[in-house]
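Taking it in order: structure first as structure tokens, then the write-up.
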Amino acid sequence: MMATRDSSRIMLLKEEVRSLSEELVQCQADKEFVWSLWKRLQVANPDLTQAVSLVVEREKWKAEAKDRKVLEILQAKDYKIQELDQRVTGQQQEITNLVQRKMAVDEDRGLVKKELAALRRKLGNKSQELKDVKEERGRREEALEEEKEALESCCSALRGDLEQAQRQERRHGEEKEALESCCSALRGDLEQAQRQERRHGEERDSADAKVKEMEGDLSDAQRQVADLQDQCSSLADLLSSRQKEVAQRDQHVTQLGSDNKTL
């Protein structure tokens, strides 16, 4: 705005200098004409008719020059008015475009807010799912640990019984056969328990993989939320810049309207 005012002042000063230069040239021409006319009147028998004709011709020429100058000024003002009208029209179109762009930015901002809210809800759901999976994993690990302790205790007891049976083998043949049968059954139970323990281990590994996958989904959702927040910040900065630009355009148009009325 300051640069525009300085440019206008410079143009006005240049116009004043040009006008003063033209007046100076006109004064010099008038001076030379008066001097020439005075010389003509200094002769013994001056031709007054010719002198009057010269004066009349000079005044006629000056009047025509003045009329041409007035016409040029009027034409220049008309051109300036047309130029200002075109500039005002252009500025109004730019303002309209900026308003439309602002509306589009506002609409985009609303959509981004909706997407951000949806992602936050999704993040909350994922967090709850992760919490539930961790709790389930903890319960399963506790159950597996208790079952493992029970199996170890059972195995320890079985070993004791087996050792006791082996010591009594020499004395109790029939008891030995019965104990061997019992041990065989207990070994089957032990193998089944070990298979169950391996199955529980596989389930625990599957649960760990699911937890890692959900943690990856959670990380992706957090990155998306961060990206959307950055996008909201950029859109807010762009909107603020556009609003300042619209305000400057409005002020410029108001100034142009005032200048147009003055002209």
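The values are calculated or read from the model by the stated rules, or taken from the named source; none is laboratory data. Since the structure is predicted, the reported quantities are computational estimates derived from the model, not experimental observations. For neighbour counting, all protein chains shown are included, and Cβ atoms are generated from backbone atoms with ideal geometry for every residue, glycine included.
Rundown of residues vs (1) in a helix (DSSP H, G or I); (2) more than 30 Å from Arg187 (Cβ to Cβ); (3) at pLDDT 80 or above, yes/no style:
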| position | (1), (2), (3) |
| --- | --- |
| Glu142 | yes, no, yes |
| Glu149 | yes, no, yes |
| Ala157 | yes, no, no |
| Leu162 | yes, no, no |
| Arg170 | no, no, no |
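Scanning for something surrounded by 10 or more Cβ atoms within 10 Å (Cβ to Cβ), under 60 Å from the mean Cα position of the chain (by Cα) and under 30 Å from Leu256 (Cα atoms), does region 105-118 turn up at least one residue?
Taking every residue of region 105-118 in turn, at least one turns out to be surrounded by 10 or more Cβ atoms within 10 Å (Cβ to Cβ), under 60 Å from the mean Cα position of the chain (by Cα) and under 30 Å from Leu256 (Cα atoms).
If I go through region 82-98 residue by residue, how many of them are more than 26 Å from the chain's Cα centre (by Cα) and either of a type in the set (A, V, I, L, M) or loosely packed, with under 13 Cβ neighbours inside 10 Å (or both)?
So the first thing to find is which residues in region 82-98 are more than 26 Å from the chain's Cα centre (by Cα), and the list is 82-90.
Among the residues that remain, those that are also either of a type in the set (A, V, I, L, M) or loosely packed, with under 13 Cβ neighbours inside 10 Å (or both) are: 82-86, 88-90.
Final tally of qualifying residues: 8.
Just checking, does region 71-81 include any residue being assigned to a helix (DSSP H, G or I), touching a residue at least 24 places away in the same chain (Cβ under 8 Å), surrounded by fewer than 12 Cβ atoms within 10 Å (Cβ to Cβ) and more than 32 Å from the chain's Cα centre (by Cα)? Steps first, answer last, please.
Quick first cut of region 71-81, residues assigned to a helix (DSSP H, G or I) only: 71-81.
From the residues that got through so far, the ones that are touching a residue at least 24 places away in the same chain (Cβ under 8 Å) too are 77, 80-81.
Right, trim to surrounded by fewer than 12 Cβ atoms within 10 Å (Cβ to Cβ) and you get 77.
With more than 32 Å from the chain's Cα centre (by Cα) added as a condition, the list becomes 77.
The answer is yes; a qualifying residue exists.
Yes or no, residue by residue, for (1) exposed (fewer than 11 other Cβ atoms within 10 Å of the Cβ); (2) of a type outside the set (Asp, Glu):
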{"site": "Gly201", "(1), (2)": "no, yes"}
{"site": "Asp205", "(1), (2)": "yes, no"}
{"site": "Val225", "(1), (2)": "no, yes"}
{"site": "Gln229", "(1), (2)": "no, yes"}
{"site": "Leu239", "(1), (2)": "no, yes"}
{"site": "Arg249", "(1), (2)": "no, yes"}
{"site": "Ser258", "(1), (2)": "yes, yes"}
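Scan Arg204, Arg242, Arg249, Arg223 and give me the residue that is closer than 17 Å to Arg109 by Cβ and not hydrophobic (A, V, I, L, M, F, W, C). Give the steps one after another, and end with the answer.
Working: Arg204 fails: closer than 17 Å to Arg109 by Cβ; Arg249 fails: closer than 17 Å to Arg109 by Cβ; Arg223 fails: closer than 17 Å to Arg109 by Cβ.
Answer to the selection: Arg242.
Does Gly188 meet the test of being in a helix (DSSP H, G or I), of a type in the set (Gly, Ala, Ser) and at pLDDT 80 or above? It would help to see each step written out before you state the result.
Working: in a helix (DSSP H, G or I): yes; of a type in the set (Gly, Ala, Ser): yes; at pLDDT 80 or above: yes.
Against the criterion (in a helix (DSSP H, G or I), of a type in the set (Gly, Ala, Ser) and at pLDDT 80 or above), Gly188 qualifies.
Can you tell me which residues in region 130-167 are surrounded by 13 or more Cβ atoms within 10 Å (Cβ to Cβ), within 21 Å of Ala193 (Cβ to Cβ) and aliphatic (A, V, I, L, M)?
Passing the criteria: Leu144, Leu151, Leu158, Leu162, Ala165.
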